[in-house]
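Notes for the one structure printed next.
No value in this document is a laboratory result; all are computed from the given coordinates. It should be emphasised that the depicted structure is a prediction, and the values quoted were computed from it without experimental measurement. In this analysis, Cβ positions are derived from the backbone assuming ideal geometry, glycine residues included, and neighbour counts consider all displayed protein chains.
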Ligand code: NAD
Ligand code: DAU
């Protein structure tokens, strides 16, 4: 049987990077193509252990570069596309929305066009987010389902919702085989330290203040990255054509609870917590109902307690990785954004 070719866009980032490693190791008979522009969020050093493997390939390209993407699809004739590449940080979308439209909307449309033109793609999985549904209030009995209307509140989530609509339209209009996944907040190894959990871990370890937005009572629903990777693998192979799947593990925590948990595991003082000006348009609460995905056979393997302990240990063991990132461009961003 011919080897399957899987395109993973954004495979130098946090989730795409973990997914590339998961796929390269799990499917030696698949060729995994990591396509990434290597923006500030992309980093290939994480792939040292797999880059010598025959089934791993890297292509540097911009998903919004129509010529480059068409040529790549023509040449490789992918069987599967898993699309992670995006601008992903809400705060950056508030200060500089345009790149979010270019990458997340136009970039997705360029990929869809290439898949449609070349043909042969048996599944295009678009990795989206629960943020497209907007926010929930604090009533713990309410959840996002796949039928919740899209009401994005940030430029980031608006760009992701737009890309979701395009993916749906290419399925309905042109018959492209697709799935859309909408996952809650991920955490785990290799997350860029601009996001709450790695930001908190790295700053606590450096005895620095932890900036908590507003009163810290906003709620997120946390999922370990490897549970997300398993969900996408399952949807890629078993997802019903054209369907949307929510991904989440029922791990709701306030931001303050998350920060205090990390401080406590690291044996530091809560005096490091500093309440700072709230994020503009800050969504109150996200919470996922994952019943539809569970019916396919998925269930999370990490509790928040086991996942956060594993993640903190990983950041302790891999200080070199995040220290190098913090010392680069990110430092300028941090100083401009927080003025702590
Ligand atoms: P990330 O910011 O860590 O990584 C994004 C990757 O995309 C980087 O490697 C970057 O270099 C690459 N990229 C950016 N622009 C590109 C372009 N124009 N062409 C090619 N590559 C480009 O993001 P992440 O947290 O890993 O998120 C990945 C995907 O998952 C995103 O689509 C995001 O919306 C979605 N998602 C994220 C979360 C989360 O909690 N992080 C949750 C649900 C869904
Ligand atoms: O829900 C899925 C989404 O989760 C993904 O689509 C996004 O790509 C991903 O970035 C994430 O978005 P959030 O905005 O929820 O994640 P972030 O880590 O930026 O923030 C988590 C919560 O912590 C949020 O309520 C804001 C708060 N926060 C964040 C930062 C960076 C703080 O209180 N202080 C901070 O410094």
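For an R0 of 41 angstrom, estimate the FRET efficiency from the Cβ-Cβ distance between residue 51 and residue 139 and round to the nearest 0.05.
0.30
With no solvent and one equal point scatterer per Cα, compute the Debye intensity ratio I(q)/I(0) for the range 145-226 at 0.16 Å⁻¹ and report its log10, rounded to two decimals.
So the normalised log intensities are -0.84.
How much space per residue, in cubic angstrom, does the convex hull of the C-alpha atoms of the range 242-307 take up? Let's see the in-between values first.
Working: hull volume 7.0 nm³, N = 66.
About 106 Å³ per residue, rounded to a whole number.
222 nm [θ] for the chain, helices only, -39500 (n - 2.57) per DSSP H run of 4+, per residue, to 500?
Numbers: 12 runs with 133 residues, N = 340.
Dividing the helical sum by the residues of the chain leaves -12000 deg cm²/dmol.
Across the Cα atoms of the range 198-340, what radius of gyration and what greatest pairwise Cα-Cα distance (Dmax) are found, in Å?
17.3, 51
Could you order the peptides 211-223, 155-167 from most to least packed, using the average number of other C-beta atoms within 10 Å per residue? Before the final figure, lay out the partial values.
Values: 211-223: 19.3, 155-167: 22.7.
Going by the mean number of other Cβ atoms within 10 Å, highest first, we get 155-167, 211-223.
Starting with the highest mean, order 121-128, 201-208 by the number of other Cβ atoms within 10 Å, averaged over the residues of each peptide. Mind dumping the intermediate values first?
Numbers: 121-128: 23.0, 201-208: 16.9.
With the highest mean Cβ count within 10 Å placed first, the list reads 121-128, 201-208.
Return an integer: the convex hull volume of the alpha-carbon atoms of the range 1-143, in Å³ per residue.
Numbers: hull volume 20.5 nm³, N = 143.
Dividing the Cα hull volume of the range 1-143 by its residues yields 143 Å³.
So for the range 224-278, what are the equivalent ellipsoid semi-axes in whole Å, largest first, each being the square root of 5 times an eigenvalue of the Cα gyration tensor?
Working: eigenvalues 259, 37, 12 Å².
After diagonalising the Cα gyration tensor, the semi-axes are 36, 14, 8 Å.
Can you tell me which of 293-300, 4-11 comes out highest on packing, and rank the rest after it, using the mean Cβ neighbours within 10 Å? Mind showing how you got there, number by number?
Working: 293-300: 15.5, 4-11: 24.8.
Top of the packing list down: 4-11, 293-300.
In whole angstrom, note down how far apart the Cα centers of the range 74-106 and the range 138-203 are.
After rounding, the separation between the Cα centres reads 12 Å.
What translational diffusion coefficient, in µm²/s and rounded to a whole number, does the Stokes-Einstein relation yield for the chain at 10 °C and a viscosity of 1.306 mPa s, taking the hydrodynamic radius as the Kirkwood radius over Cα pairs?
Calculated translational D: 78 µm²/s.
Normalised by the residues of the chain, what does the relative contact order come to in percent, with Cα pairs under 8 Å and at least six apart? List each step's numbers first, then the result.
Numbers: 628 pairs, mean separation 57.6, N = 340.
Normalised by residue count, the contact order of the chain is 17 percent.
How are the alpha carbon pair distances in the range 73-187 distributed across 5 Å bins from zero to the largest one, expressed in percent?
Each 5 Å bin holds this share of Cα pairs: 2, 12, 21, 22, 18, 13, 8, 3, 1, 1, 0.
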